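Report on the following structure.
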Amino acid sequence: MSKKVFIRESSGLVRQMGSKHAFAKVLALIVPISLYYTLVYSPALPAASWYVGIIISPLLALPIFMTYLKLAEYIPRSSGEYIYISRIVGPLPATIQGVANIISTPLLASILSQIEVSAGIVPAIQVIGLSLHDQYLVNLGTSILSNSTYYFLASLASLFAMWLVSISPQRIMGNFLFVIASMQVIGSLLVIYLFSQGRAVFEADFNKFSSIFGGPSYSYIASQGSSLYSPTFDGIQTLVFSILMLMWLFVWFFGPSYFAGEYKQASRSLKVGMLSGFGIATFVIVALTFLTADTMGIPFFNYVALNGWGSTIPVSAGEGYIAWAGVMAISVPILAILVGLLNVGIQMVAGPLSLAIPSRVMLAMSFDRILPERLAYVNSKLQTPLLASLVALGIAVFFEVATLLLGLAISTIALVAVLFIYQFLQATISATVAGFKGIPGVSLTEKERKELKIFGSIASVILAISVIIAIGYAAVNPLYLTMVLSGNLAVNIGLIVIIPVLGLLTYFVSKHAREKEGMDLNVVFKEIPPE
């Protein structure tokens with residue numbers, strides 16, 4: 001059989017972003033104000049030191065961060081890990097990574113659209129309404145959460161809004177994310193300021209707030225939570241705490257690498273943006289953790305994380321930092337409005353990225369002929385892979401319906417484990433391999449190879465151990481099991497297991513189809529794809 005000549009075309013993507021956009025994409029996925037969704041596991045780790053654990057987490061993330069920084073610098077192409085893995089290790093593991101991304105990131109987008117409603121829009125409306133004595137706003141926020149139909153429609157609308165941002169030209173999308181990310185940094189600093197006033201002020205403000213609705217006092221909740229907190233330091237629980245922080249917060253700096261081919265002076269822009277974004281996010285997260293422990297108090301926090309702070313209070317404790325800071329700001333309307341508006345876009349940065357990222361992966365996989373060529377279509381006006389974006393939206397809508405209306409229960413830790421195993425770990429292993437055998441088409445110095453070996457191998461060990469500990473600890477801690485691996489256990493395990501199966505099927509079916517067309521896929525993966 002004669003072999004076809006394989007000719008690559010330009011991707012159609014345009015270099016139109018700079019370092020501020022890379023900065024925004026780091027903060028878009030780390031989202032410091034969403035710290036609550038990891039701290040909420042604290043009741044299962046009563047003897048963990050928040051202060052030690054939150055310092056360990058960014059240190060654990062540092063080798064992983066440096067590995068990604070080097071890979072993005074040496075291979076500045078859109079679609080992130082897929083390119084690293086496919087060009088350094090091979091097409092089969094890269095296909096597994098691609099399938100994992102195409103499934104997991106739209107699933108993440110659907111979850112984020114729900115969080116945007118429950119921890120962004122609703123508490124902002126409620127806090128502003130209470131501060132302005134506008135009962136309509138308070139009732140509107142409460143009804144969205146209490147009515148399953150309203151909540152579904154609001155989440156779906158949020159998802160579509162995220163998608164519209166995701167398909168806009170990268171310069172516009174990048175500017176939007178930069179504005180929202182900057183608002184969140186300012187909003188986080190405002191929360192830090194409010195919490196820095198100390199526990200006595202928070203206690204007084206909470207008692208005043210709770211008494212309006214006939215709720216419990218601060219001292220009552222704190223005393224109830226004393227059984228969920230131990231002042232004794234436990235090294236294992238502290239390590240698990242730090243690993244959870246790593247998994248849910250500190251490794252989500254990879255956003256810029258998926259759009260690396262769309263940056264001007266890509267190597268410099270990525271380096272400046274990723275370093276500044278990671279540094280600011282780390283500062284804010286550490287400060288929020290310390291102040292939450294000192295101002296709210298861990299016994300109080302652990303109790304409300306499990307039980308809430310009273311059903312008579314319209315603003316739920318489960319609404320996170322907008323609600324908690326709102327308690328301290330309600331008596332000062334301008335502060336309440338700022339807390340609500342600055343933090344309302346809690347996931348309007350991460351959501352669009354979670355839909356744009358799989359579209360770049362599909363684009364790259366279609367260029368490599370693993371997926372149908374039509375998914376490589378880039379709209380000339382939007383300068384985005386529009387058909388691939390529609391596929392990502394369709395998958396996200398499916399998960400929106402399945403999780404909210406059909407009872408599909410997937411643990412967030414299972415979702416993160418998928419990303420750790422099939423995405424991050426494969427990328428860091430690829431970096432290690434590159435340190436030994438190099439990168440096709442890239443000239444590396446001995447120093448650069450050595451750095452890839454060191455950072456890649458350390459990062460791989462950290463990632464592997466993190467998944468083992470985060471999931472394995474559930475076997476010895478029943479409360480941790482119910483909180484971290486909540487939902488249907490079979491579904492969670494099935495999600496982790498089915499990814500490589502689908503990846504293998506996709507690769508071998510594509511390989512067979514291309515061979516029938518006279519094309520050898522192995523030739524395709526011997527060069528870095530176009531920008």
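Residue-by-condition table, conditions (1) within 25 Å of the chain's Cα centre (by Cα); (2) modelled with pLDDT of 95 or more; (3) open to solvent by 10 Å² or more (accessible area, probe 1.4 Å):
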{"position": "W248", "(1), (2), (3)": "yes, no, yes"}
{"position": "G261", "(1), (2), (3)": "yes, no, no"}
{"position": "S267", "(1), (2), (3)": "yes, no, yes"}
{"position": "L291", "(1), (2), (3)": "yes, yes, yes"}
{"position": "S311", "(1), (2), (3)": "no, no, yes"}
{"position": "G320", "(1), (2), (3)": "yes, no, no"}
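Among the candidates L375, L387, L419, the residue that is open to solvent by less than 20 Å² (accessible area, probe 1.4 Å), out of contact with any strand residue (DSSP E or B) (no Cβ under 7 Å at 6 or more places or on another chain) and in a helix (DSSP H, G or I) is uniquely L419.
Against the condition open to solvent by less than 20 Å² (accessible area, probe 1.4 Å), in contact with a Ser or Thr (Cβ under 7 Å, 6 or more places away or on another chain) and either aromatic (F, W, Y) or more than 26 Å from L244 (Cβ to Cβ) (or both), how does G503 come out, does it pass? Criteria met by G503. Listed by first and then second residue, the pairs with beta-carbon distance under 8 Å, at least 6 apart or on different chains, first residue in the range 224-243 and over 25 Å from V467 (Cα atoms) and in contact (Cβ under 8 Å) with a residue 60 or more places away in the chain, second polar (S, T, N, Q) and open to solvent by 70 Å² or more (accessible area, probe 1.4 Å), are Q224/N307. Applying the criterion of at least 2 residues that are open to solvent by 20 Å² or more (accessible area, probe 1.4 Å) and hydroxyl-bearing (S, T, Y) to the helices (runs of 4 or more DSSP H) found wholly in the range 87-186 leaves 135-146, 148-166.
Listed here are the residues, each with its yes/no results for (1) polar (S, T, N, Q); (2) at pLDDT below 85; (3) out of contact with any Ser or Thr (no Cβ under 8 Å at 6 or more places or on another chain).
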| residue | (1), (2), (3) |
| --- | --- |
| M1 | no, yes, yes |
| V5 | no, yes, yes |
| R8 | no, yes, yes |
| S11 | yes, yes, no |
| R15 | no, yes, yes |
| G18 | no, yes, no |
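Can you find a residue that is open to solvent by 10 Å² or more (accessible area, probe 1.4 Å), small (G, A, S) and touching a residue at least 40 places away in the same chain (Cβ under 8 Å) anywhere in the range 69-78? Within the range 69-78, one or more residues are open to solvent by 10 Å² or more (accessible area, probe 1.4 Å), small (G, A, S) and touching a residue at least 40 places away in the same chain (Cβ under 8 Å).
Sub-8 Å Cβ pairs linking a first residue in the range 193-211 that is on the phi < 0 side of the Ramachandran plot and in a loop (DSSP other than H, G, I, E, B) to a second residue that is buried (at least 16 other Cβ atoms within 10 Å of the Cβ) and modelled with pLDDT of 95 or more, at least 6 apart or interchain, are S196/L291; S196/T295; Q197/T295; Q197/M328, ordered by first then second residue.
The values are calculated or read from the model by the stated rules, or taken from the named source; none is laboratory data. Only a predicted model underlies this, so the values are computations on that prediction, with no experimental measurement involved. We place every Cβ from the backbone using ideal geometry, glycine too, and count neighbours over all the protein chains shown. In case anyone asks, the SASA skips ligands and DNA or RNA and just uses the protein heavy atoms, side chains included. Shrake-Rupley method; radii C 1.70, N 1.55, O 1.52, S 1.80 Å.
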